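J.: Have a look at this one before I ask anything.
Readers should treat all values here as calculations from the given coordinates under stated rules, not as data from a laboratory. Please read these numbers as outputs of a predicted model, since none were measured by experiment. All Cβ positions, even for glycine, are placed from backbone atoms using ideal geometry, and neighbour counts span all protein chains on display.
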Amino acid sequence: MFNTWISKRPVGVTLLFAGPIFAREALTAPRRLSHYLLRSGYVACLLVLMYTIRQATIGFQDTKFSGDIAAYSSLVFSVFALLQLTLGMFFATLFTAANIAQEKDRRTLILLLMTDMRSRELALGKLLASLLIVGVLLAASLPVFCVLQLLGGVSWSQILWAEAIIAATTLASGSWGCMVAYWREKTFQTLAISVLGVVLFVAGIEGIIAVVGSESIVGFWLGQLSPYRSLFSVLNPLTGLGHGIVQVSAVKSVSLLVGLAAALNLYTIVRLRVWNPSQQLRQSALEDESQPDPVTTDAVSAETIAAGSKERRHHRAVWNNPVTWKEIATRGYGRKIVVIKLAYVLLAALIGYSVMTSQTDGASLVLGMMTPPAAAFLAIGVISLLLINAQAVTSISTERDDNTLDILLATDLHAREFMTGKILGALWNTREMIAVPIILMAGTMLNGVSRQLTPENLIYLVVAYFCLSLFAIMLGLHSGLTYDNSRAAIGNSLGTMFFLFIGIFVFMLLLVEARSSFAIQMQSFIVFIGLGSIGLYSSLTHKNPSSALTMAAVMLPFLTFYAITDFLLGGTLGVCFWICVAYGFATIAMLVPSVSDFDVALGRTTNDAG
């Protein structure tokens, strides 16, 4: 069917600038039940969050003044807009990069390059096809924003410009992921560079503005490029207004972000056929052409063979566990992995420097929840856990797409050897992501930046963070083994981690808002936690459900809720203990089936115990 679209080029497809790839995704791709559940479920989650915010702010008391409803509507609109902007940036980058990386891993991109499709159709087609899901979710949330406008406190111009900023940022993020995916060859490199690039872009803009000042010309135009600054100016139009009529507009920001997306796409189109096929594939093709004719090989003299044997290269010795040797002692994830780690260390150094040199009072809390050093550790820790998870899931999905996983299944390799090798390899390859946040917190403690961070609390922090790192690794391996499609595995693994962090952040905000009436808002919190358990259950038990995974899906959100409340009340040991219990049990619940039911999960008919 796809070749028919390419050859015939229907009139409707010709009118589409993106070409047949996007046309197939938009018109002919099969729509499963999950496609419709995703749209309706997203709107349902927004409505549940809307109800939860109302219970956390107003409760069951009657509202007698329209100003109270307007303030509530404005708060909900701000939370929804910031949430959608963050989700749009993350998933646009992730979906686009994973979609193209899957084509490369399966060697189907070469087939697309052999067709008569232009580079423009390849680049824009993959980009818009990947952004289709995100665009549909943004369009589905627009009626929810319109309901907020009916409650007051929000104008139509704020809604439209907020959606425009989110859409432009989503397009720019997806364009960046598209460029990186066509540029790089390895899946982990693609995901890591894409995520770090978006974070460095936002952090770099804020850092330059802090140096040059937001009132300068450079600071003003860089502020227009920052999606969060632009969105905050739309959400709070009275900020910085001296006099005059309030006008809500973000035309400069939207224009710059769309221009940035256009520049990235133009560069991708120009360089697409230079990057692809990769240099490695071209070199292998040249080597195949330079091989001598098998008929003439018998005429080679014995002296030539003897001379060649003297120059034979010595092979490295393989360890007892070949999977561990492959993950640690070889460069299976490419040579550019060093550049990614340097970029990560640079980002951590910038965050640490900003905390060390900040003159903020130690008593001031970020969003009423945590100190600035704790917020810095949280930011770099979330990025680290996402990268750790990406490395783990790609270690399985790459094996599957390269058809090397079938070769491993044909050997006498035991399940425990395979899983141990993958876990140790993930720990080794992401050792900087594990060590740098801990070094950052140790530095803040030694410099006296954080008065609340004692050596005892640092030990609790290290133990809890290492437990979360193991959970991120095991979740990635579990998703890679569960999903046959690499794009689905990557999306499920990173999406679960991201939604877990977003849910914790939103939940902490609601707890801060409901401190004075926590018992009254308990009902809404239970609903919020229950939805989290359902989502985690569907993620963990997609293919091979078990009672342990079900128990982990139920326990983890509730124990996380308890740890968050203990943290906000000033607890230390209790927070570490319950985090280790919740995420440690979930890690074991995923690890044991991966070892015992390894054959069933991967489709092998024999069993190690047999």
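J.: Using each residue's phi in the range 116-129, evaluate 6.51 cos²θ - 1.76 cosθ + 1.60 at θ = phi - 60° and report the 3J(HN,Hα) Karplus result to the nearest Hz, with x for Gly and Pro.
T.: Result, rounded to whole Hz: 8, 6, 7, 4, 4, 5, 5, 6, 6, x, 5, 5, 5, 5.
J.: Further question: What's the ranking of 485-495, 171-181, 37-47, 252-262 by average number of surrounding C-beta atoms within 10 Å, highest first?
T.: Order by mean packing, descending: 171-181, 485-495, 252-262, 37-47.
J.: Right, another one. Give me the net charge of Gln102's neighbourhood, meaning all other residues with Cβ under 11 Å from the Cβ of Gln102; Lys, Arg count +1, Asp, Glu -1. Don't jump to the answer; show the numbers that get you there.
T.: Values: positive: Lys104, Arg106, Arg107, Lys126, Arg400, Arg487; negative: Glu103, Asp105, Asp401.
Computed value for this residue: +3.
J.: Let me ask something else. Relative contact order for the range 332-602: what is it in percent, counting Cα pairs under 8 Å that are at least 6 residues apart? Please report the intermediate quantities before stating the final value.
T.: Numbers: 259 pairs, mean separation 64.3, N = 271.
Reported as a whole number, the value is 24 percent.
J.: While we're on this one: What is the order of Leu272, Leu386, fewest Cβ neighbours within 10 Å to most? Please list the in-between numbers first.
T.: On the way: Leu272 20, Leu386 24.
Sorted ascending by nearby Cβ count, the order is Leu272, Leu386.
J.: Let me ask you something else. To the nearest 0.05, what FRET efficiency results for Thr572 and Leu38 with a Förster distance of 45 Å applied to their C-beta separation? Present the calculation step by step, with values, prior to reporting the outcome.
T.: Numbers: r = 39 Å, r/R0 = 0.88.
In this case the efficiency is close to 0.70.
J.: Further question on the same structure: For the ranges 500-509, 376-385, 348-357, what's the packing order if you count other beta-carbon atoms within 10 Å of each residue, average per peptide, and put the highest first? Walk me through the numbers on the way to the answer.
T.: Numbers: 500-509: 18.3, 376-385: 21.9, 348-357: 16.5.
Per-residue Cβ counts within 10 Å, averaged per peptide and sorted highest first, yield 376-385, 500-509, 348-357.
J.: Step through the table entries Lys126/Lys422; Lys104/Lys336; Lys326/Lys543; Lys126/Lys326, compare each Cα-Cα distance with 21 Å, and write down the pairs that go over it.
T.: Working: Lys126/Lys422 31 Å; Lys104/Lys336 17 Å; Lys326/Lys543 28 Å; Lys126/Lys326 32 Å.
Going by Cα-Cα distance, Lys126/Lys422; Lys326/Lys543; Lys126/Lys326 fall outside the 21 Å limit.
J.: Chymotrypsin sites (Phe, Trp or Tyr not before Pro), restricted to the range 65-145: which are DSSP loop and have at most 13 other Cβ atoms within 10 Å?
T.: Phe65
J.: Further question on the same structure: Taking 0.36 nm per residue of sequence separation and subtracting the Cα-Cα distance, how much length would be gained by fully extending the chain between Lys252 and Thr330, in nm to one decimal?
T.: Gain in length upon complete extension: 23.3 nm.
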